[in-house]
Structures are given as C-alpha cells and as structure tokens.
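Here is the structure we will look at, set down as structure tokens.
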Amino acid sequence: MLNNTTQFSRRLLSWFEQNGRKDLPWQQNPTAYRVWVSEIMLQQTQVATVIPYFNRFMQQFPDVKSLAAALQDEVLKYWSGLGYYMRARNLHRAAQQVINEHEGQFPADLDSLMSLPGIGRSTAGAILALACGQRGVILDGNVKRVLARYHAVSGWPGKRVVADQLWLLADEHTPQKRVAEYTQAIMDLGATLCTRTKPGCGLCPLQGKCLAFAAGNPQDFPQPRPKTRRPVRTAQFLILQNGQGEVLLRKRPDHGIWGGLWSFPELPDHLSLDMYCQLENLSVLEKHKKLAGFKHQFTHFELHIKPLLIQAEANANGVREMEEQPAVWYKAGTELPGGCPAPVIQLLNQIEESYS
C-alpha cells in the first residue's frame, strides 16, 4: 500500500500547487483558534456561505479569550443564519474550557482537543495539521467522497463499518511531511472536482488509479443515507404585536432546537389562544390574522410553521416573567437581542417591509 499511498499524496500535492485554494480567510494566519472556528463553521455548510460569517465572527471575537468572555446571546447573534446552532453553543463552551483548563492555549494533542465540546476526531486532526504543524488525519464529507470513489468503498459512510474503513484509508494516505498542504489539498479536491454531482473526473489528478472512475460510476460513491420518511412537526408562531409596532420575542431554553435563540412564542396544542394570552398577561386587542405558512427543513424532521399575527398589549405588571425564557418587545429594523432562527428573521423582515 506504501507505493499507492505515496503516489496518491504526491499527485494530490502536485495538483494543489497549481489549483488549490490558498486565499481563504482562515488560511491567513492559521492559528489553532482560527482553524477551529472555520472547521466548525464549515460543517455541513459551503465555503462561500461561511466566508462572510467567518470574517464578521473574527472581527467581533478575534481570539479565544474574547469568545470565552462573550455572552451566549452575542455569540449566537453572530451565528444567526448559519444554522445548526449547537455548533455555536459548543464553540462558546469550548472557548471557556480552553481558558479555564488550558490557560488560554489550545491543546496540541488529539485526545485533549477531542475532549473539548463539539470537536470530533476529524476537526481535531484538521487543527493539528493546519495550525500545529503535526500529522493530523481528517475525514470530513469531501474527504469521504474522494476516498470512497478512489477505492470504490461501498456503503453509506454513516455506518460504523464503512466509516472505520475510510478512517484507515485516510490514515494510510496522509503523509508525514507537508501535511498541512495535503490536508487542504484533499479537501479542495472534494470541494472543487470530486463533487457530489457531475464530478470533474477529466481534470482529476487521481483519475488514473480511481476505481470508481474505472468502473464508470463515480456518482454511485459514496452511497447516500438510506431514505426514511422524515417526520413532520407543526409550530404555531404567535406574532404578538403591540400598538407601537413592537413584537414579542422570547428566548428559547438552551436545550432542544434553536436552543438559546430568540423566537416568537409558540401556542401549545393544549391551550387556546385566549388561555395562552391570559398566561402571558396579555390582552388581545383585535382579531388575529393568519399569515402564509411555510416549511423549514431540519436534518431529522420537517417543521411546518403557521404564523398568527395578533394585536395585543401587556396588562398591568407587563408580560409574564420567566427566568430561563426572558421576553422583549422588539421593534423590527433595530438591533436584535441575540441570535434568531432563519424563519424568525424571515417573518421579522416581512413585518418591517409592511411598515416601510
């Protein structure tokens, strides 16, 4: 396997010298902190989407100390729109752990990195390879695709036996030298040529030894996740609007979907609108208005959102206080109190447009 491995990495590095991406923002001054943030942002998110978020995040939180010291609301605000918000909460927790347990310095060994919230084996390998000058092995989605095609590895990579096989291949192909360039090269190849659909096999430096290309079916590797019926959930968003045009937002609990984000209250199935408003210490001023519903996709389910616009005012003593779920009256177009899910921002924009 040694000769094939040497040939694999040599051809990949040669291709990278001419065609690799070398001007991505996290490649400039690739500290462990910057590489870590970029790797977390890039999970299930395309590079073009991540770049502006990364730049804004770095402006606000230039180092691990500033991130650790920030409030979670502020961190989530700069993450709003990227989705998968557990990533941001883990990022914040990990930064605090680096400060409290590692004297503000990122650990430079695999096990210690993997002990930080949200850092798995591949992310830890990327930090070691790209920022620490060590031999780190990665296996992100792009790398899985390259290796699965090159070796014609059948099966869905989400299965343990398939993942274990791909990890062995990733380790065998990772060289001892120029590991940072190799790591970037194999990610770039998967992102730019060995793409999920319509791979550019004619330009691929690995074409000559690629088993999937030789068989004429590279698009069949890796096998996709087995299709299952995605469950549907429904949420009744209550857009409670007062006489000043402000809408009520509540902070969601830290656990569950959109944990720690600010959102519209939702009407529980067991309560009527009148009962809910009584609990919230609100008086409904006008008949409610149904807005156009829409769908929001999550990894494991589909959320059907049914927005209801309600003119309401708080009674004496204000809206009900909840320690873990504070509420604010928010004026569209002003600064948000923290991070908001994309559907909430979408509805807030609609409200703002209706007043412009």
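Read the figures in this text as sums done on the coordinates, not as results from a lab. These figures come from a predicted structure and were not determined experimentally. Ideal geometry is used to build each Cβ from the backbone, glycine not excepted, and the neighbour counts take in all protein chains shown.
Taking only Cα atoms, what is the 0 to 90° angle, nearest 10, from helix 342-355's long axis to the longest principal axis of the chain? On a 0 to 90 degree scale, this one is about 50.
Against the chain, whose longest principal axis is taken from its Cα atoms, helix 2-19 shows a tilt of about 60°.
Restricting the count to DSSP beta bridges whose residues both fall in the chain, what percent are antiparallel, rounded to a multiple of 5?
Antiparallel: roughly 65 percent of the beta bridges in the chain.
If R0 equals 35 Å, the separation of the Cβ atoms of Q7 and M114 corresponds to a calculated FRET efficiency of about 0.70. For the range 42-148, the equivalent ellipsoid derived from the alpha-carbon gyration tensor has semi-axes of 22, 19, 11 Å in decreasing order. For Q311, the residues whose modelled amide H falls within less than 5 Å of its own, excluding neighbours fewer than 5 places apart on the same chain, are Q241, L285, E286.
Across all directions, the average flat footprint of the convex hull enclosing the Cα atoms of the range 232-355 is 7.7 nm².
Taking amide H positions as modeled 1.01 Å from N, with prolines and chain starts lacking one, the residues under 5 Å from A332 and 5 or more places away or on another chain are V247. Footprinting exposure proxy ranking of E74, E286, fewest other C-beta atoms within 10 angstrom first, gives E286, E74. Rounded to the nearest 10 degrees, the inclination of helix 47-60 to the longest alpha-carbon principal axis of the chain is 70 degrees.
Of interest is the spacing of the C-alpha centroids, which for the range 265-307 and the range 74-116 amounts to 34 Å.
I'd like the antiparallel share, as a percent to the nearest 5, of DSSP beta bridges with both residues in the range 232-355.
Numbers: 18 of 28 bridges.
Approximately 65 percent, going by the DSSP bridge assignments.
Computed on the range 232-355, with alpha-carbon pairs under 8 angstrom and 6+ residues apart, the relative contact order is 34 percent. For the range 104-180, taking Cα atoms only, Rg and Dmax work out to 13.0, 43 Å respectively.
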